[in-house]
1. Restricting the search to the stretch 33-51, which residues are surrounded by 13 or more Cβ atoms within 10 Å (Cβ to Cβ) and either in contact with an Asp or Glu (Cβ under 8 Å, 6 or more places away or on another chain) or not in a strand (DSSP E or B) (or both)?
2. Just one of the numbered conditions (1) at positive phi; (2) surrounded by fewer than 14 Cβ atoms within 10 Å (Cβ to Cβ) is not true of Gly57; which one?
3. State the number of residues belonging to the stretch 20-32 that are surrounded by 11 or more Cβ atoms within 10 Å (Cβ to Cβ) and within 13 Å of His65 (Cα to Cα).
4. Name the residues in the stretch 1-19 that are among the hydrophobic types (A, V, I, L, M, F, W, C) and either under 27 Å from Arg61 (Cα atoms) or surrounded by 10 or more Cβ atoms within 10 Å (Cβ to Cβ) (or both), would you?
5. Within the stretch 67-77, which residues are without any contact (Cβ under 8 Å) to a residue 12 or more places away in the chain and either within 22 Å of Gly37 (Cα to Cα) or assigned to a helix (DSSP H, G or I) (or both)?
6. Please enumerate the residues belonging to the stretch 36-46 that are touching a strand residue (DSSP E or B) at 6+ places or on another chain (Cβ under 8 Å) and at pLDDT 90 or above.
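The values are calculated or read from the model by the stated rules, or taken from the named source; none is laboratory data. Every value quoted in this text rests on a predicted model; they were computed, and no experiment measured them. Note: ideal-geometry Cβ built from the backbone for every residue, glycine included; neighbour counts use all protein chains shown.
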Amino acid sequence: MSTALVLALALIILTLGYLGLCRFWPYTHCRRCDGTGKRHALIGRGYRHCPRCGGTGERLRIGRHVLNHLTALHRASR
């Protein structure tokens, strides 16, 4: 098999794997708060809710966001 064919197959397998990941596990931990849902306050030792995840500690994966958008476009075109 040629190198281009192997790379193409690897890319297809990785893409399908990521789509499966987005389908069954749509959320990932928030990188800003490391999944805790809290951020240190600017002054003092207090905490506040993470503004990026809203205090849940989870974020929607980029791939799942794209899938949701494509699904909405498909439903709107019917």
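1. Cys33, Gly35, Thr36, Gly37, Cys50
2. (2)
3. Here the count works out to 6.
4. Of all residues in the stretch 1-19, those among the hydrophobic types (A, V, I, L, M, F, W, C) come to 1, 4-14, 16, 19.
If the condition is that a residue be among the hydrophobic types (A, V, I, L, M, F, W, C) and either under 27 Å from Arg61 (Cα atoms) or surrounded by 10 or more Cβ atoms within 10 Å (Cβ to Cβ) (or both), then Val6, Leu7, Ala8, Leu9, Ala10, Leu11, Ile12, Ile13, Leu14, Leu16, Leu19 are the ones that fit.
5. Answer for the stretch 67-77, where residues must be without any contact (Cβ under 8 Å) to a residue 12 or more places away in the chain and either within 22 Å of Gly37 (Cα to Cα) or assigned to a helix (DSSP H, G or I) (or both): Asn68, His69, Leu70, Thr71, Ala72, Leu73, His74, Arg75, Ala76.
6. Gly37, Lys38
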